[in-house]
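K.L.:
Sending over a structure as structure tokens; questions will come in a sec.
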Amino acid sequence: MAKQDTYENGEVFYAFMRYKDHENGVGKDRPVVALKDPETETWQALKITSQIDKKLNHKYGYLMEDWEESGLTSPSIIKCNIEDIEEINPSHIRKKIGELTHRDLTGLLVKLIKVRQVEYQREQRKIQDFEV
């Protein structure tokens, strides 16, 4: 696919994503959703997983309702926790496979807000514990 540095919110791509616990560039191609960070004007890739039976994926992810319409081959969850979101590297985009439906894009945005609130509260508790 030609390198692209502008996307549409909710587009679904296959992209190479590094494993977060490896420093030497080890990773795999996986589906991701593109979302623009309005504060930094950068495009972010949210990882998509088909491991829908894991509790943490449900707690910190959005279970897609219209996964087939988005070009995916199995029921999937979009990971919303901060450590699973990365800035898009255009050279890592393999191909576009679809886009989220309005229902899934809206649901994802709501879930992102909820997860950010949980992460913020967790950080505030750490700060308070440190100050004591």
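Every number here is computed from the coordinates shown, using simple stated rules; none is lab data. All values derive from a computational prediction rather than experimental measurement. Don't worry about glycine lacking a Cβ; one is built from the backbone with ideal geometry, like all the others, and counts go over all protein chains shown.
K.L.:
What is the sum of charges around Glu8, taking Lys and Arg as +1, Asp and Glu as -1, for the other residues whose C-beta is under 12 Å from the C-beta of Glu8?
P.N.:
Taking every Cβ under 12 Å from that of Glu8, the sum is 0.
K.L.:
Then there's this: Within a Cβ distance under 13 Å of Lys59, other residues only, what is the Lys/Arg minus Asp/Glu net charge?
P.N.:
Taking every Cβ under 13 Å from that of Lys59, the sum is +3.
K.L.:
Something else now. Under 13 Å from a point placed 7 Å out from the Cα of Leu56 along the Cα-to-Cβ direction: which residues of the stretch 21-43 have their backbone N that close?
P.N.:
Once the point is set 7 Å along Cα→Cβ of Leu56, 21 turn out to lie under 13 Å by backbone N, inside the stretch 21-43.
K.L.:
OK, next. Multiplying the sequence separation of Lys28 and Arg125 by 0.36 nm and subtracting their Cα-Cα distance, what value in nm do you get?
P.N.:
Full extension from Lys28 to Arg125 adds 31.5 nm.
K.L.:
Also, quick follow-up: Would you tally the net charge around Lys20, using a Cβ to Cβ cut-off of less than 15 Å, leaving Lys20 out, and scoring K and R as +1, D and E as -1? Write out the running numbers ahead of the final one.
P.N.:
On the way: positive: Arg18, Lys28, Arg30, Lys47, Lys79; negative: Asp21, Glu23, Glu83, Asp84, Glu86, Glu87.
Summing Lys/Arg as +1 and Asp/Glu as -1 gives -1.
K.L.:
Same structure again: Could you tell me, in Å, what Rg and Dmax come out for the Cα atoms of the chain?
P.N.:
Rg and Dmax of the chain, Cα atoms, are 15.3, 53 Å.
K.L.:
Here's a follow-up. Show the residues, 5+ positions off or on another chain, whose built amide H is closer than 5 Å to the amide H of Glu99.
P.N.:
Distant-sequence amide H within range of Glu99: Val12.
K.L.:
Amide H neighbours of Met17 under 5 Å, counting only residues 5+ apart in sequence or on other chains, H built in-plane at 1.01 Å?
P.N.:
Distant-sequence amide H within range of Met17: Lys28, Asp29, Arg30.
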